[in-house]
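> I'd like to ask some things about the structure below.
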Amino acid sequence: MSDTNYLAIDYSVGATFIGNTDTYTGRWGAIHFTTNTHINTITAQNYDGTTLSGQSFDSSTTLYGVFTSIKLQNGHCVAYKI
């Protein structure tokens, strides 16, 4: 099995656990939802099309991209730093 990291996420850099409705800023390469979660606002540097703001995600869903801000309406997530 190859140990190549195709997503270029270095998990040793750390993560931010988000479990409230505060606005968080940083730079994350993956956001993993640990409960059913509704996003209030999110800023993604490399997404096209419809915004992710206002969307709901089931627990165990992971979004990949470059995210710089997130505010949850409810739920919890872990945002992995890049």
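The values are calculated or read from the model by the stated rules, or taken from the named source; none is laboratory data. The structure presented is a predicted model; accordingly, all values stated were derived computationally and were not measured. Note that each Cβ is placed from the backbone with ideal geometry, even for glycine, and that neighbours are counted across all protein chains shown. With ligands, DNA and RNA removed, areas are computed over all heavy atoms of the protein, side chains included. Shrake-Rupley method; radii C 1.70, N 1.55, O 1.52, S 1.80 Å.
> With the Cα gyration tensor of the chain in hand, give its eigenvalues times 5 under a square root as the equivalent ellipsoid semi-axes, listed largest first in whole angstrom. If you can, show how the numbers build up before the last one.
Numbers: eigenvalues 85, 38, 31 Å².
Equivalent-ellipsoid dimensions as semi-axes: 21, 14, 12 Å.
> Another question, then. For the chain, what does the accessible surface come to per residue with a 1.4 Å probe? Please give it in Å². Intermediate values should be presented prior to the final figure.
Values: 4920 Å² over 82 residues.
With the other protein chains kept in place, the chain gives 60 Å² per residue.
> Compute the length gained on full extension between residue 46 and residue 64: take 0.36 nm times their separation in residues and subtract their Cα-Cα distance, giving the result in nm to one decimal.
On the way: separation 18, 0.36 × 18 = 6.48 nm, distance 0.98 nm.
Answer, rounded to one decimal: 5.5 nm.
> Can you tell me the order of 15-23, 59-67 when each peptide is scored by its average per-residue count of other Cβ atoms within 10 angstrom, highest first? Provide the component values of the computation, followed by the final result.
Numbers: 15-23: 13.2, 59-67: 15.3.
In descending order of packing, they fall as 59-67, 15-23.
> I'd like the Karplus ³J(HN,Hα) series for the range 65-82: coefficients 6.51, -1.76, 1.60, θ = phi - 60°, whole numbers in Hz, and an x wherever there's a Gly or Pro.
Karplus-based 3J(HN,Hα) across the range 65-82 equals x, 10, 10, 10, 7, 8, 9, 8, 7, 7, x, 9, 8, 10, 9, 8, 5, 10 Hz.
> Using a 1.4 angstrom probe on heavy atoms only, work out the carbon and sulfur share of the accessible area of the chain in %.
47 percent
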